[in-house]
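Asks: Quick one: the structure is below, and I'll ask about it shortly.
The values are calculated or read from the model by the stated rules, or taken from the named source; none is laboratory data. Everything numeric in this text was worked out from a predicted model, so none of it was measured. Cβ coordinates were reconstructed from backbone atoms using ideal geometry, including for glycine residues, and neighbour counts include every protein chain displayed. Ligands, DNA and RNA are stripped out before the accessible areas are found, and what is left, the full protein with its side chains, is counted by its heavy atoms. Shrake-Rupley method; radii C 1.70, N 1.55, O 1.52, S 1.80 Å.
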Amino acid sequence: MKQSQTNDRKAYLFAGLTVFFWSTVATAFKIALQFQSPFELLLYAVIVSLIILLCILFVTGKHRQLFSFSPTEVFSSALLGFLNPFLYYLVLFEAYSRLPAQVAQPLNMVWPIVLVFLSIPILGQKISLQSIAALLISFAGVYFISSQGMPFALKIEEPLGVGLALFSSIIWSLFWLFNVRDKRAPEIKLFWNFAFSLLYLAIFLLITEVEVHFSWTAFLPAAYVGAFEMGFSFILWLNALRFASKTDIISQLIYLSPFISLIFIHLILGEQIYYTTITGIFLIILGIFFQKIRLSKKPNKRMEL
């Protein structure tokens, strides 16, 4: 019993740290994008993440598994690395460059609902009326957030930015669906995803000849993103789930992140928080939980990925 309590304390500690760091990254994105393009931000963040992940692999002794993989697993890493971090963060950072942080940050939260709908063609799932209702609730939240304080104007401010933020949720859902089929250690998978992503960034750089400038002013916020959005936070979250006696409770803590994020966005970026942002976040989370209630009542073995 004591051991279980100790493990749960560790789980909450790791989960709390993860939620804190993930709550700061929307602010970090906006600060970093003041000094560099989305491409430059992703390039520096991926390099920092790769260094961190490699250090973690050596510290944990898992570096010995780095080159133990089959051709199928190489293909898996190549595909997953293209989806995330390469494509996902390029799209997400472009959305952040166009939108206020309080708008961009919660919009790709709809991915759990998107995931259910993508499971229809990929996993052969059937759609239910409750799933459709959950989608409508969440997208009502998307509309509120996108209206930027003017919900009755029946107009979406910066539609391209909103579209990019929502598209990022589709990319993340596809990444999640393919990622869970790869049974390698998460740290190993993540390292090779980032390694392939760096290769794609290099190819993109050669093809487009986009300009890359280095300055410490730009690099430091990008390094923070690489460390606490992509690197350390992932390992902290894995440990939180590993130590938790009930992972569902730990997993729900992540929904605190968008609300805590608004505090940093207001205090550091100086954004005036719209009431529509808070309303929209509540609606998106309500839609997600509405969908989860359906899954808990009617277990479907094929959804247990």
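Asks: Give the residue that is modelled with the lowest pLDDT, with candidates limited to residues of the stretch 56-72 that are out of contact with any helix residue (DSSP H, G or I) (no Cβ under 8 Å at 6 or more places or on another chain) and part of a helix (DSSP H, G or I).
Replies: Filtering the stretch 56-72 for residues out of contact with any helix residue (DSSP H, G or I) (no Cβ under 8 Å at 6 or more places or on another chain) gives 58-59, 61, 64, 67-68, 70-72.
Cutting the leftovers down to part of a helix (DSSP H, G or I) gives us 58-59, 64, 71-72.
Details: 58: 91, 59: 89, 64: 84, 71: 87, 72: 88.
In this case the residue turns out to be 64.
Asks: Is the stretch 248-259 home to any residue that is of a type in the set (Asp, Glu), farther than 12 Å from residue 43 by Cα and either surrounded by fewer than 20 Cβ atoms within 10 Å (Cβ to Cβ) or touching a Gly at 6+ places or on another chain (Cβ under 8 Å) (or both)? Walk me through it before giving the result.
Replies: Taking the stretch 248-259 as the starting set, the residues that turn out to be of a type in the set (Asp, Glu) are 248.
Subset that is farther than 12 Å from residue 43 by Cα: 248.
Imposing the further condition that a residue be either surrounded by fewer than 20 Cβ atoms within 10 Å (Cβ to Cβ) or touching a Gly at 6+ places or on another chain (Cβ under 8 Å) (or both) reduces the set to 248.
Looking for residues that are of a type in the set (Asp, Glu), farther than 12 Å from residue 43 by Cα and either surrounded by fewer than 20 Cβ atoms within 10 Å (Cβ to Cβ) or touching a Gly at 6+ places or on another chain (Cβ under 8 Å) (or both), one finds at least one in the stretch 248-259, hence yes.
Asks: Working only within the stretch 178-188, note down all residues that are open to solvent by 40 Å² or more (accessible area, probe 1.4 Å) and either more than 12 Å from residue 77 (Cα to Cα) or in contact (Cβ under 8 Å) with a residue 40 or more places away in the chain (or both). Give the steps one after another, and end with the answer.
Replies: Keep residues of the stretch 178-188 that are open to solvent by 40 Å² or more (accessible area, probe 1.4 Å), which gives 178, 181, 183, 186.
178, 181, 186 - these are the residues of the stretch 178-188 that are open to solvent by 40 Å² or more (accessible area, probe 1.4 Å) and either more than 12 Å from residue 77 (Cα to Cα) or in contact (Cβ under 8 Å) with a residue 40 or more places away in the chain (or both).
Asks: Does at least one position in the stretch 36-51 carry a residue that is among the polar types (S, T, N, Q) and out of contact with any helix residue (DSSP H, G or I) (no Cβ under 7 Å at 6 or more places or on another chain)?
Replies: The answer is yes, given that some residue of the stretch 36-51 is among the polar types (S, T, N, Q) and out of contact with any helix residue (DSSP H, G or I) (no Cβ under 7 Å at 6 or more places or on another chain).
Asks: Give all pairs with beta carbons closer than 6 Å in which a residue from the stretch 189-217 that is touching a residue at least 40 places away in the same chain (Cβ under 8 Å) meets a residue that is surrounded by 14 or more Cβ atoms within 10 Å (Cβ to Cβ) and assigned to a loop (DSSP other than H, G, I, E, B); count only pairs at least 6 apart in sequence or on separate chains.
Replies: Cβ pairs passing all conditions: 189/182; 217/35.
Asks: Now a separate question. Being of a type in the set (Lys, Arg) and open to solvent by less than 70 Å² (accessible area, probe 1.4 Å) is the filter; apply it to the stretch 13-68 and report the residue that is farthest from residue 267 (Cα to Cα). Quick ask: steps written out before the conclusion?
Replies: First, the residues of the stretch 13-68 that are of a type in the set (Lys, Arg): 30, 62, 64.
Narrowing the set further to residues that are open to solvent by less than 70 Å² (accessible area, probe 1.4 Å) leaves 30, 62.
On the way: 30: 13, 62: 40 Å.
Here the answer is 62.
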